[in-house]
Amino acid sequence: MIYGGYFDTDNKIKKLEELNIKISDETIWNDRNLANSLVKEQSDLKKSLDKIITIKEKTTSNINLLNMLEQDFDDEIFNLLLEEQEKIKKDIEELELETLLNGKYDKLNCIFEIHSGAGGTEACDFANMIFRMYLRYFDKKGYKYSIIDMQEGEEVGIKSVSIEVDGFNAYGYLKCEMGVHRLIRLSPFDANHKRHTSFAAVFVNPLTLDTEDIKIEDKDLKIDVYRSSGAGGQSVNTTDSAVRITHLPTGIVVTCQNERSQLQNKEKALSILKSKLKLIEEEKERTELDNLKKDNKNIEFGSQIRSYVMHPYSMVKDHRTNISTSAVDKVLDGDLDIFIEGYLRK
């Protein structure tokens, strides 16, 4: 059988061999950012090769099953063949999606932010709902993640949360979720049980490793420290270790409270800030990057990318692709592939 396109492993194997040689050179670790970048590229390439090898093995197995059926038809073997073909189809579709993730930052890790918008208590509860939804999605994708900062709502839910996500093509997939999300439901917080509309916004920023050229003047920073509200050990909860950095020229605000010391939180926050500034510097002509400094100003009617309707009917609809489903509960449990894959293919 002849394989081509993204099934052609020759170039991938050659690239992997080159990476192995570079990483085996101890001097590469003098540049920690470069070394980390190469290690991640090596890991991603191995995963891609593993998928191709798996598809080829399954295809060979199916050919053997077909040969068996030609000699002696058997219902059990036939049903097994159908199941295996469905698995191969899914594997090929996943591999095809990877070819669409060819943007400069698509293979990088990212900072994933959720902010509550118009709707008060309702919006904070909705922000918490999609926070749970995305954690379920991260788990299904096998992504590692850590909460960098979380601001709880005054009564329920969250005002905002920042999550560092580490995984294969993390930014490439999650960038599809950037925008305003709208919820329509009968309010559990309204004594009259009226229908309410609330909003939350998602911002996604690639965590770039190459930020050495980004210089930040001390005069351009406003740094505040405060007591961490999150879990993380006795020292975190009893000291003013959390850090909030405001970049005055752009208005970008970055907070971090998950590290154990104020210095570590400051270093993490500065790293995230540099990644955001790097993106703005390289792609400043793209108007959507204004969202990085607009915060919550436009989290309201008329700007949503997706609606989650729980009353008077059940539907989740992506307004960019017109893809919809009535399985609201499944979506809120992290079943987002239909929307993310649909957006990438569009």
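The values are calculated or read from the model by the stated rules, or taken from the named source; none is laboratory data. On a predicted model such as this, the values are computed, not experimentally measured, just so you know. Cβ coordinates were reconstructed from backbone atoms using ideal geometry, including for glycine residues, and neighbour counts include every protein chain displayed. Each accessible area value is taken on the protein alone, full model and side chains, heavy atoms only, with ligands, DNA and RNA left out. Shrake-Rupley method; radii C 1.70, N 1.55, O 1.52, S 1.80 Å.
Return yes or no: is Glu93 in contact with a Ser or Thr (Cβ under 9 Å, 6 or more places away or on another chain), surrounded by 11 or more Cβ atoms within 10 Å (Cβ to Cβ) and either of a type in the set (Val, Ile, Thr) or under 29 Å from Ala170 (Cβ atoms) (or both)?
When the stated conditions are applied, Glu93 does not pass them.
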Seminar exercise, completed: Checked region 131-142 for anything open to solvent by less than 20 Å² (accessible area, probe 1.4 Å) and either modelled with pLDDT under 95 or of a type in the set (A, V, I, L, M, F, W, C) (or both); matches are Met133, Phe138
Problem set entry | Only one of Leu69, Leu108, Leu135, Leu81 that is of a type in the set (A, V, I, L, M, F, W, C), touching a residue at least 40 places away in the same chain (Cβ under 8 Å) and in contact with a helix residue (DSSP H, G or I) (Cβ under 9 Å, 6 or more places away or on another chain) | Leu108
Problem set entry | Selection count where residues are of a type in the set (S, T, N, Q), touching a residue at least 24 places away in the same chain (Cβ under 8 Å) and not in a loop (DSSP other than H, G, I, E, B), scope region 302-346 | 2
Exercise. Does Leu221 satisfy the criteria of being within 15 Å of Leu270 (Cα to Cα), of a type in the set (A, V, I, L, M), at pLDDT below 90 and touching a strand residue (DSSP E or B) at 6+ places or on another chain (Cβ under 8 Å)?
Worked result: no
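Is one or more of the residues making up region 156-165 within 12 Å of the chain's Cα centre (by Cα), at negative phi, hydrophobic (A, V, I, L, M, F, W, C) and outside any loop (DSSP other than H, G, I, E, B)?
Taking region 156-165 and keeping what is within 12 Å of the chain's Cα centre (by Cα), we get 162-165.
Subsequent filtering for residues that are at negative phi retains 162-165.
With the extra rule that they be hydrophobic (A, V, I, L, M, F, W, C), the set shrinks to 163, 165.
Checking which are outside any loop (DSSP other than H, G, I, E, B) leaves us with 163, 165.
Yes, that holds for at least one residue.
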Exercise. Out of all the residues in region 62-70, is one or more within 30 Å of Ile340 (Cβ to Cβ) and either in contact with an Asp or Glu (Cβ under 6 Å, 6 or more places away or on another chain) or in a helix (DSSP H, G or I) (or both)?
Worked result: yes
For this session: Return the only residue of Asp329, Asp290, Asp335, Asp240 being surrounded by fewer than 17 Cβ atoms within 10 Å (Cβ to Cβ) and modelled with pLDDT of 95 or more.
Result: Asp329
Problem set entry | region 169-196, residues that are within 15 Å of Glu98 (Cβ to Cβ) and either open to solvent by 30 Å² or more (accessible area, probe 1.4 Å) or assigned to a strand (DSSP E or B) (or both) | Lys175
Seminar exercise, completed: Of the candidates Glu113, Glu152, Glu177, the one satisfying the condition of being of a type in the set (D, E, K, R), touching a Ser or Thr at 6+ places or on another chain (Cβ under 8 Å) and closer than 19 Å to Arg306 by Cβ is Glu113
